[in-house]
Amino acid sequence: MDGLILVDLQNDFMPGGALPVAGGDAVVPVANALAPLFDTVVATRDWHPANHGSFVTAHPDLAVGELTTLAGLEQVVWPVHCVQETHGAAFDDALDMARVDEIVSKGTDPGIDSYSAFFDNGHRRATGLEDYLRKRGVDRIYVLGLATDYCVKYTALDARRLGFETWVVEDGCRGVELTPGDVDASIKEMRDAEVYMIRSEQLLGS
Ligand code: VGL
Ligand code: ZN
């Protein structure tokens, strides 16, 4: 069975949001077009408490984009974003939620970040996404959303590592590109891990 994972299509990652991803709004129509093709559609959301350790407000001596340590792991310092129950954390209004079967929240522990929709960055705690997909009989996963170089990448790599056949819908993703070239490097990293790339028109045309 085929599952579609829509990664973090939330206001704060859209142009004008707190952690804007260039062209992020352009992937929502791709999500809406593909969702009807799938038995199982999951929308993930970055769902941080206001005191999350990845926020610049927790590191008065650091600037956004600089590195720190969180839970013993290298951590990029981010602007305050996707705080639970705020407008910024809500899904983009244009996303057709009627096609979404399940919402998976991540990044809820203030002491560790979670780019992957399956596990926190230390692989310490599972979000429940794997169990959900297996119960639904999903063995092939298509991933799209924001951002290519963070949550999409780590979600796809974990999916592959968990044994799912994993495809990333390239035109359904956009990246942060903290450093130019991060998106291309992420695509290479995913390919090297046997994550396959596909374009939405290839799925829609069949
Ligand atoms: C993300 C940075 C911080 C993402 C989430 O969704 O890719 N990036 N939190
Ligand atoms: Zn976040």
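The values are calculated or read from the model by the stated rules, or taken from the named source; none is laboratory data. All of these numbers come straight from a predicted model, not from anything done at the bench. Here the Cβ is made from the backbone with ideal geometry for all residues, glycine too, and neighbour counts use every protein chain on show. Side chains are part of the model used for accessible areas, which takes the heavy atoms of the whole protein and leaves out ligands, DNA and RNA. Shrake-Rupley method; radii C 1.70, N 1.55, O 1.52, S 1.80 Å.
Here are some notes:
- Among the conditions (1) buried (at least 16 other Cβ atoms within 10 Å of the Cβ); (2) aromatic (Phe, Trp, Tyr); (3) in contact with a strand residue (DSSP E or B) (Cβ under 8 Å, 6 or more places away or on another chain), TYR154 misses just one, which is (3).
- Single residue of ALA33, ALA50 found to be under 19 Å from ILE103 (Cα atoms) and away from ligand 1 (no atom under 14 Å from the Cβ): ALA33
- Selection over the stretch 24-61 of residues that are within 16 Å of ligand 2 (Cβ to nearest atom), in a strand (DSSP E or B), in contact (Cβ under 8 Å) with a residue 60 or more places away in the chain and open to solvent by less than 20 Å² (accessible area, probe 1.4 Å) gives a count of 4.
- Some residue of the stretch 110-122 being in contact (Cβ under 8 Å) with a residue 60 or more places away in the chain, open to solvent by 10 Å² or more (accessible area, probe 1.4 Å) and more than 11 Å from ILE5 (Cα to Cα): yes
- Qualifying residue in the stretch 115-128 (condition: more than 20 Å from SER54 (Cβ to Cβ), more than 16 Å from ligand 2 (Cβ to nearest atom) and of a type outside the set (S, T, N, Q)): yes
- Meets criteria (surrounded by fewer than 16 Cβ atoms within 10 Å (Cβ to Cβ) and hydroxyl-bearing (Ser, Thr, Tyr)) for THR148: no
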